[in-house]
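Worksheet for the structure shown next.
Coordinate-derived values only; no laboratory data. The structure displayed is predicted, hence computed values, not measured ones. FYI the Cβ positions are ideal-geometry reconstructions off the backbone, even for glycines, and counts take in every protein chain you see.
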Amino acid sequence: MSALASGEPMRLAASDTNNFLVPNGTFIAELVAFVLLLWAVWKWVLPPLQRAMNERQESIRSQIEEAREARERLAAAEREYRELLDQTRADASRIREEARAEGQSIINELRGRAEEEAERVRQRGEEQLATEREQVLASLRTEIGELAVRLSERIVGESLAEEDRQRRVVDRFLDELEGREPQGTR
């Protein structure tokens, strides 16, 4: 025990100097160096790093904002495009309808003109037929009158030289003929 007793205090003295919980000079020097290193990092390294990070964050934020604005502009442009497309379709439909209506009015106008022209042609034809009928009737009256005069001269044996008398005889004869004609042939 004496050996143990004599060796124990020595170990206790050596273990007192090696105790890691007790600060020694190395620890204090390391602590001062660490604090100086932290201060140097804080003073010279951290501000440029923070500036770079802030600039990068601002750049990203501005890019996000620009992208959002671009999306909004794109959406507005798409809306405007759709509105213009719808308006163009409506205008095209309206123009087609106007063209159809105008075409129909032109057709109606041309049809009216054609009907008017046909009516004028029909009237001219009727007038021409009436004129020709009158001419034919006058020619027939003259020819029938001459034939009637010759025939009556042969029958009566006297001359019908007077024109008034001739005309009366012819008119009376034609009136009798017209009175005998069927109703639809005149």
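The charge dipole of the range 50-143, taken about the Cα centre with unit charges on the Cβ atoms of Lys, Arg (+1) and Asp, Glu (-1), comes to about 520 debye, rounded to the nearest 20.
A prolate overall shape is assigned to the range 6-140, the ratio a/c of its alpha-carbon gyration tensor axes (a ≥ b ≥ c) being 1.5 or greater and a/b exceeding b/c.
Descending by average beta-carbon neighbour count within 10 Å, the peptides 93-105, 134-146 line up as 134-146, 93-105, the highest first. For the range 65-186, what percent of Cα pairs sit more than 21 Å apart? That fraction is 71 percent. The three principal axes of the Cα atoms in the range 42-118 give end-to-end lengths of 109, 11, 6 Å, sorted in falling order.
Taking the three principal axes of the alpha carbon atoms in the range 108-167, the coordinate ranges are 69, 17, 9 Å, sorted in descending order. Within the range 80-96, find all residues whose amide N lies under 20 Å from a label point positioned 7 Å from the Cα of ASN108 along Cα-to-beta-carbon. The answer is 94-96. For the range 86-128, the extents of the C-alpha atoms along the principal axes are 61, 6, 5 Å, listed from largest to smallest.
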